[in-house]
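Reviewing the structure listed below.
The values are calculated or read from the model by the stated rules, or taken from the named source; none is laboratory data. Here the structure is a predicted model, which is why all the values come from computation and not from measurement. Positions of Cβ are generated from backbone atoms using ideal geometry, with glycine treated the same way; all protein chains shown enter the neighbour counts. Each accessible area value is taken on the protein alone, full model and side chains, heavy atoms only, with ligands, DNA and RNA left out. Shrake-Rupley method; radii C 1.70, N 1.55, O 1.52, S 1.80 Å.
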Amino acid sequence: MSVQLSMLNAVKEIKNTGKISAKFLAHVPKLKDCDNWGKATFLGKINYAFNLSKLDGGLVELGGNIYYINAAQLKFIAKEWKWQTNNSITVIEEPKE
């Protein structure tokens with residue numbers, strides 16, 4: 001499966017169910033800057049701890065891809081672009097064997 005196809009499936013899954021797998025979330029790139037935040041769509045807040053890192057911010061869709069933005073970015077951008085940020089995304093963990 002191509003990366004683009006898996007991104008589209010993940011976007012669809014998040015929009016339909018509000019869930020994302022931890023395995024996929026680990027590969028979501030961080031968006032540090034954007035020329036036009038108006039083109040980005042807020043998908044939901046995320047708060048999840050991996051073994052060595054923690055994600056506390058939100059996921060956005062931009063150009064068909066999913067990106068992570070940290071809490072400080074989210075706070076600033078949500079005010080500037082009037083995003084509705086009350087929805088959260090649930091992270092689904094893979095069962096440990």
Please report the relative contact order for the chain, taking Cα pairs under 8 Å with a sequence separation of at least 6, and give it as a percent rounded to a whole number.
34
If the viscosity is 0.692 mPa s and the temperature 37 °C, what Stokes-Einstein diffusion coefficient in µm²/s follows for region 22-77 when Rh is the Kirkwood radius over Cα pairs?
284
Take the chain, connect every pair of alpha-carbon atoms lying under 10 Å apart with a spring to form a Gaussian network, then pick out the residue of N51, N16, N87 with the largest mean-square fluctuation.
N51
Percent accessible area from carbon and sulfur atoms, the chain, protein chains only, probe 1.4 Å
51
Taking chymotrypsin sites (Phe, Trp or Tyr not before Pro) as exposed when in a DSSP loop with at most 16 other Cβ atoms inside 10 Å, the chain has its longest clean stretch at 1-49
Taking every other residue with Cβ under 9 Å from the Cβ of N47 and scoring Lys and Arg +1, Asp and Glu -1, one gets +1
Non-local Lys pairs in the chain, i.e. 8 or more apart or on different chains, that have alpha carbons under 15 Å apart:
12
Ordered by residue, what ³J(HN,Hα) values in Hz, to whole numbers, does region 76-84 give under the Karplus form 6.51 cos²θ - 1.76 cosθ + 1.60, where θ = phi - 60° and Gly and Pro are x?
5, 5, 4, 6, 5, 9, 6, 6, 7
Rounded to the nearest 500, the 222 nm mean residue ellipticity computed for the chain from DSSP H runs (n ≥ 4, each -39500 (n - 2.57)) alone is -9000 deg cm²/dmol
The chain: antiparallel DSSP beta bridges as a percent of all, rounded to 5:
75
Out of A78, G64, L52, whose Cα points farthest toward the positive end of the dipole of the chain (charges: +1 Lys, Arg; -1 Asp, Glu; placed on Cβ)?
A78
Using the Cα centre of the chain as the reference point, and only Cβ charges (+1 on K/R, -1 on D/E), how large is the resulting charge dipole? Debye, rounded to the nearest 20.
220
Provide the convex hull volume over Cα atoms per residue for the chain, in Å³.
106
